[in-house]
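So the structure is just underneath, and the comments pick up after that.
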Amino acid sequence: MNEAPELNARMLIDRMERGELPRDFTMFAAQGMLPLPQDDLIAVLAHLSTNSDTEVAALSTKSLREIPPRTVAAFCGSELADEASLDAIATKSGDPAILEAVVRSRGVSDATIERLARAVQPGIQEIIIVNQERIIRRPGILDALLENPAITPDVRRRVGEAREEFFEKKARRALSAEAVAALEIEESIDIGPVADLLDEAESEPQPENTLSPLEGDAGDSDKLSVWSMIAEMTVGERVQAAYKGGKTVRGILVRDRNKLVCTAVLKSPRITESEIEAFAAMRNLDEAVLRLIGTKREFLSKYVTVHNLVKNPKTPAGIALNLTGRLTSKDLKQLSTSKEVAEVIRVHARKLLQAKERH
């Protein structure tokens, strides 16, 4: 004689969904009378509590509510607690301990959390609002919390902070498709290295314009088109364009009078050695840009960059003096008589040249 298969929740629920079990058996199960382990019984009752047969649903709901809340709460952390059973338990139970267990469960769906957020008490609101990963997936949870008549001032504040941090700030920083194409934006580049600049840009007043086209740009229609688009951007958008944009954009934004923007240009992973060499020779850059170039070891690996910085009268004297010793005798000789650099640089170049000649 074959042994009867052991009853378990998954097998029973599968057969119930296929309509393979007689109603009498289902009613018996709804009374909580099946010889099942406690977690399996709760899973079956949760499933039956949403049955289209109102009598079955009512009876199983009654049986579910008769189980001690602590036991049902423990079930919510078990492997049997799937999205459907947790949603059913959340719907049929008003016990705070059970609802907290549902909210904390790894198996609960975002939709269930959003529904609960509209009515749960303060302690559970706190649990919901701190789950940032879920909120990013399901922004509607924030709206649901605001609809909760029992929302606390602290949770309301956190909802505002979450909206600002995860959605509003992101929307403000998102560049238009037109800008992405025109400025040759590489969207896959992570903005992490300039996150501090973007945060600082958020708090800055937005000036009307901190850029002026150069005379040499006047005959370049493409460059003027890019320039006009950049001129309409906020500081934060220009920081992004400087960091992710193409060579033309960097060539324009390195001249921006806002230090956050020109700093982002130098942090760009797309910047080339030839661009750095050219920037080092430009006399219309902010001193902060030249200072940054002159203090970054990776920018000073090329002799041309070093030479250009030393010759550039806009380079801070301290930077130029530190780099003068790296010049060749020929360049030191030219520098020692140049009228374009400060007297202190010429004197230093002469001393270095004399020292080299003595050796």
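Derivation of every value follows stated rules applied to the coordinates shown; laboratory data play no part. Nothing here was measured: the structure is a model prediction, and the numbers come from that model. Cβ: placed from backbone, ideal geometry, glycine included. Neighbour counts: every protein chain shown.
Reducing segment 292-359 and segment 28-75 to their Cα centroids gives an inter-centroid distance of 84 Å. By the count of neighbouring beta-carbon atoms within 10 Å, fewest first, 306, 265 end up ordered 306, 265.
Ranked for footprinting exposure by Cβ neighbours inside 10 Å, fewest first, 341, 44 give 341, 44.
Only helices enter the 222 nm calculation for the chain: every DSSP H run of n ≥ 4 contributes -39,500 (n - 2.57), and dividing by all residues gives -17500 deg cm²/dmol, rounded to 500. The fewest-to-most ranking of 252, 127 by surrounding Cβ atoms within 10 Å reads 127, 252. When a/c reaches 1.5 or more, the comparison of a/b and b/c decides; with that in mind, is segment 3-48 rounded, prolate or oblate per its Cα gyration tensor? Because its axes are fairly even, with a/c under 1.5, segment 3-48 counts as rounded.
Semi-axes of the equivalent ellipsoid for segment 9-170, computed as √(5λ) from the eigenvalues of its C-alpha gyration tensor and ordered from largest down, come to 34, 15, 13 Å.
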